[in-house]
Amino acid sequence: MNRKTERMMWLTIIIILFLVIFYLSMTPGNAASTVSSNSLLKQLQTVIEENYYIEPPSVDELYVGAAKGMVSSLGDPFSAYATKKELEDRRNSLSHSFGGIGAYIGIEENIPTIIRLIPDSPAKKSGILPGDMILEVDGKTTEGLDLDTVTSMIKGEPGTLVNIKIKRYNSKEPFIISIKREIIRVQVVKSGKLTDKIYYIKISDFGDDTASNVKNILTDGAIGYKSLIIDLRGNPGGYLDEAINLLQYFFTDKMLVYTKGRNKQFNETYYAKNNQFVSDNVKIVVLVDENSASAAEIFTAVMKDYNRATIVGQKTFGKGVVQQIFPFKDGSALFLTISQYFSPNGYVIQGKGIEPDINVKPYQYSDDELATIAILQKKGVLYQFIQKYGANNTDILFNKIKQYMKTQKLQLSDQSLRYLIYQLSEYYGEEVLFNLEFDYMLQKAIDVLNEKNSQ
């Protein structure tokens, strides 16, 4: 995503509006069509206001809906109209700092559910647990709401209270937990030593300061290592310029990526300057999966095209388009797809994704084992054990779940049960930098680098 100055954005909008007005003034048929469209919207508003069976939304809400509908008619999942609040939420999601409670939330069986707690966060201190279902936020039901809406309700000014009504599996009645919001800082770049020769860097997204955070690691903790593993699995992307900034550390005098769109003013080419400081002798593996997207795919494509890294994992998501933010006077904005990315070799990422050099499949359950796991999930057994014993107490979980399955005559091999517990600890437990037991992609990355280092 490009971050242009607001002045340039408004200049572009003014020029486009001028051209549209000029065109309409010269083409009576199109002008009549525009008047007809405006008249249709007004007629719809009148009919709704006079006849809807309950109190209808306000005029502003109706027109927000109309704006969203207009953009959705493009059929582009990446273009969207955002209200002022939605725009702020989007920017906060990539700023890595916001007012909140410090909990990851997901939708489980159509109910917003606590997934994981950030250590030492307000949520962690409050006694809320992974698996707790969120029924209400400050007295407002969460039924039927999407994840972004629920998350927005929980976030707020640091120092303010949020009251969350919780349903817990081992509690008969729902109860309310009051949590004081604090500034939550999300660490999206994490790293550590894997072996004496291999250093590991996990990048969760390409938001504010991602590249500079990686640079600090590369010039500090990773110094002296012969090999790097850069883990982009699950990385949804973010800002294009952060990916470009990161690529600068690995190349000199190279074309990195170029973009093309219908409007030629958005065609750009990005080059590596003289900022390389990672030696060409350092061997690199980039880990990707089906959730690696956008800026993460740009980074991967460039490293692959120049044979700078071995790509290990699964085929990536396939989002290779650029969105521009066009702001409006009321604080809302239009996220509009303006161009698509091309790798140095001219490869189009959009809709295709990037095939890894080495494809590694995750652990596979049998169909019968998947049926067993579905039963355990439906009965809420996994949540109950996680809440009672903790998601990171893997040995206890193994014994307790195995005993329960025996009483219920459910079948799961010991290997599959251990993998299930590994998944539970990864998803619900306190985050661990890496776990080699079932991480076959990371195991393969280590094998690749050990082989390269021995040559």
I'm spelling it out carefully: the read-out is volume of the Cα convex hull per residue in Å³, the candidates are (i) 191; (ii) 176; (iii) 207, and one was derived from this structure. Which label?
(i)
Separation between Cα centres of the stretch 243-267 and the stretch 184-201, rounded to whole Å
26
Taking R0 as 56 Å, what FRET efficiency do you get between Y53 and K226 from their Cβ-Cβ distance, rounded to the nearest 0.05?
0.20
Alpha-carbon centroids, the stretch 87-108 and the stretch 157-183: separation in whole Å
17
Report the FRET efficiency, 1/(1 + (r/R0)^6), for M255 and K197, where r is their Cβ-Cβ distance and R0 is 30 Å, rounded to 0.05.
0.45
Please compute the modelled spin-label separation between I177 and N450, points set 7 Å along Cα→Cβ, answer in nm with one decimal.
4.2
When the chain is fully extended, how far beyond the present Cα-Cα distance does K68 get from N393, taking 0.36 nm per residue of separation?
112.4 nm
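Where in the chain are the DSSP H helices whose alpha-carbon span along the long axis reaches 24 Å or more and whose Kyte-Doolittle mean is at least 1.6?
What comes out of the filter, once short or polar helices are dropped, is 6-26.
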Report, ordered by chain and residue number, the lysines lying within cross-link reach of K329, taken as a straight Cα distance under 21 Å and ignoring same-chain residues fewer than 8 apart.
K4, K68, K84, K85
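Can you give the longest stretch of the chain with no exposed loop site, where a site means chymotrypsin sites (Phe, Trp or Tyr not before Pro) in a DSSP loop (not H, G, I, E or B) with at most 12 other C-beta atoms within 10 Å?
By the stated rule (loop sites, at most 12 other Cβ atoms within 10 Å), 54-276.
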What relative contact order, as a whole-number percentage, does the chain give when Cα pairs under 8 Å and 6 or more residues apart are counted?
14
Determine the gain in length on full extension of the stretch A374-K85; use 0.36 nm per residue of separation and subtract their C-alpha separation, reporting nm with one decimal.
100.3 nm
How big is the gap, in Å, between the Cα center of the stretch 377-455 and the Cα center of the stretch 310-370?
28
Distance cut-off 28 Å, Cα to Cα: go down the list K197/K388; K215/K352; K193/K452 and report the pairs above it.
K197/K388; K215/K352
Determine the alpha carbon to alpha carbon distance for each of K202/K444; K124/K155; K190/K254; K155/K379; K140/K167 and list only those over 24 Å.
K190/K254; K155/K379
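A short reminder: the numbers here are calculations on the coordinates, not readings from a lab. Just so we're clear, the structure is a prediction, and the values are computed from it rather than from any experiment. Reconstructed Cβ throughout: ideal geometry from the backbone, glycine too, with neighbour counts over all protein chains shown.
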